Amino acid sequence: MQCSLCRSIKTVLFFKTKKRVYYKCNNCDAICLHPDFYLDPLSEKERYDKHSDDIEDKGYQNFVSPLVKGVINNFKTTRIGLDYGCGKTAIVKQLLQRKGFTINGYDPIYFPTIDTLKFKYDFITCCEVAEHFYNPCTEFKKIHQMLLPTGKLFLKTYLYDSTIDFSTWWYKNDPTHVVFYTTKSLQFIKEAIGFNELTIFNDHIVLSK
């Protein structure tokens, strides 16, 4: 099959169950779910509707805190941002607003306001979204184009590496997760899209323009 990230056909069967089949790309190292196993839009939304929606939940706040802290540590409140794929609660957006930031929210299901994608931003947050991208390169290009010349993308997604047993990896069990990245995959994104710097922390990733 064709890799959903780099579009290479240099993919090999990586893991297979009765419900899902994954291929690994020998070019960019991404692990991709075969499109035959993508959920239909209604089933996908039903899955997202089950997510926690309590913004006051401390565990939820702690989970997104690496992105919130990343923005606070790198930008003044006079800078403007976008929470891309913000979900129904837009928790990152709300928490940054509480800190005095001006930040828009976009989500193709819950906040599909196209006008928010017409602006340029100092920073963009993308929390637990990249693994849902059907066309990752297209999405990262879109994000790159929306960033101002010194802008930063703060990204949260779990990376795969050889120390992980994919067969028991909890992160693959969400049926809406269709692509998994490795360090090599992120390097591909950096170079292919034109980001100047990639920094991988334990709990988040930063791509700088």
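Working from label points 7 Å from Cα in the Cα-to-Cβ sense, the residue 110 to residue 199 distance is 2.8 nm. Restricting attention to region 111-198, lysine pairs at least eight places apart or on different chains and with alpha-carbon atoms under 18 angstrom apart total 17.
Any idea what diffusion coefficient the chain gets from Stokes-Einstein, in µm²/s, Kirkwood Rh on alpha carbon pairs, 37 °C, 0.692 mPa s? Write out the running numbers ahead of the final one.
On the way: Rh = 17.6 Å.
D = 186 µm²/s.
State the Cα centre-to-centre distance between region 131-204 and region 52-124 in whole Å. What the calculation gives is 18 Å, centre to centre.
Among 197, 128, the sequence by solvent-accessible area, most first, with a 1.4 Å probe is 197, 128.
What number, rounded to the nearest 500 deg cm²/dmol, is the helix-based mean residue ellipticity at 222 nm of the chain, given -39500 (n - 2.57) per DSSP H run of at least four residues and division by all its residues?
Values: 5 runs with 56 residues, N = 209.
It lands at -8000 deg cm²/dmol.
Using a probe of 1.4 Å on the protein chains alone, the accessible area found for residue 12 is around 70 Å². Would you mind classifying region 103-209 by shape? Square roots of the alpha carbon gyration tensor eigenvalues, ordered a ≥ b ≥ c; an a/c under 1.5 is rounded, otherwise it is prolate if a/b is larger than b/c and oblate if not. Verdict is oblate for region 103-209. The listed residues 79, 20, once ranked by accessible area (1.4 Å probe) with the largest placed first, stand as 79, 20.
Accessible surface calculations at 1.4 Å, restricted to protein heavy atoms, place the chain at 51 Å² per residue.
The alpha-carbon of residue 45 sits under 12 angstrom from the alpha-carbons of these aspartates and glutamates, leaving out residues fewer than 8 places away in its chain: 107.
Based on C-alpha pairs under 8 angstrom that are at least 6 apart in sequence, region 1-126 has a relative contact order of 16 percent.
The accessible surface of region 71-135, taken with every protein chain in place and a 1.4 Å probe, is 51 percent carbon and sulfur. Bridging of residue 209 to aspartates and glutamates at a Cα separation below 16 Å is possible for 122, 139, 191, 197, once same-chain residues fewer than 8 apart are set aside.
The values are calculated or read from the model by the stated rules, or taken from the named source; none is laboratory data. Treat the numbers as computed from the prediction; the structure is a model and nothing was measured. Ideal geometry is used to build each Cβ from the backbone, glycine not excepted, and the neighbour counts take in all protein chains shown. When the accessible area is computed, the model is the full protein with side chains, heavy atoms only, and any ligands, DNA or RNA have been set aside. Shrake-Rupley method; radii C 1.70, N 1.55, O 1.52, S 1.80 Å.
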